[in-house]
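Nothing in this text is a laboratory measurement; each read-out follows from the coordinates by a stated rule. Being a predicted model, the structure only gives us computed values, none of them experimental. Note that we place each Cβ from the backbone using ideal geometry, even for glycine, and neighbour counts take in every protein chain shown.
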Amino acid sequence: MPRSSATAHELNRVTLLAGLPGETLARLAKGMEREEVAPGTAVVREGEPGDRFYVVFAGMLAVTQSGYGGRDLLRPGDYFGEVALAMDVPRTATVTAITPAVVASCDRATFDELIRPIFADD
């Protein structure tokens, strides 16, 4: 899978990140790897250790949890993976691409420095 950096313009379309200063978005973009995900591919699996935070640029992904019948859908502009990083717990759900999708992710250090403070403000 070819990987490349995200762009600040793409990140600005993610509601959670849209309020960040341009300089922060630019730094975050450099720290995020974009990847294309084929339909049926699990990006994260419930119960696994979580070490990356993800945003959705394109496509649709399903969120499923064992013991929970329904499934949520993630669309462009949504994000996932923050619970495992913020609370230091295993993944709380499995996220699987339903359509061809494009996601971008960053590691824990980048999350802690640039994204965690957004959640702290809530």
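Key figures for this structure:
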item: Debye log10 I(q)/I(0) at q = 0.19, 0.21, 0.23 Å⁻¹ for the chain, Cα point scatterers; result: -1.04, -1.26, -1.46
item: Cα centre as origin, Lys/Arg/Asp/Glu Cβ charges: the chain dipole, Debye; result: 300
item: CD proxy at 222 nm, helix term only [per DSSP H run n ≥ 4: -39500 (n - 2.57); per residue of the chain; nearest 500]; result: -5500 deg cm²/dmol
item: Amide hydrogen neighbours beyond the local backbone of Met60, cut-off 5 Å, H modeled; result: Ile98, Thr99
item: Cα-based helix-to-principal-axis angle, 22-31 vs the chain, degrees rounded to 10; result: 50
item: Among Met60, Asn12, Ala120 the positive-end extreme of the charge dipole of the range 4-121 (Cβ point charges); result: Met60
item: Length-normalised contact order for the chain - Cα pairs under 8 Å, 6+ apart - percent; result: 33
item: DSSP-loop trypsin sites (Lys or Arg not before Pro) across the range 30-122, with at most 15 other Cβ within 10 angstrom; result: Arg45
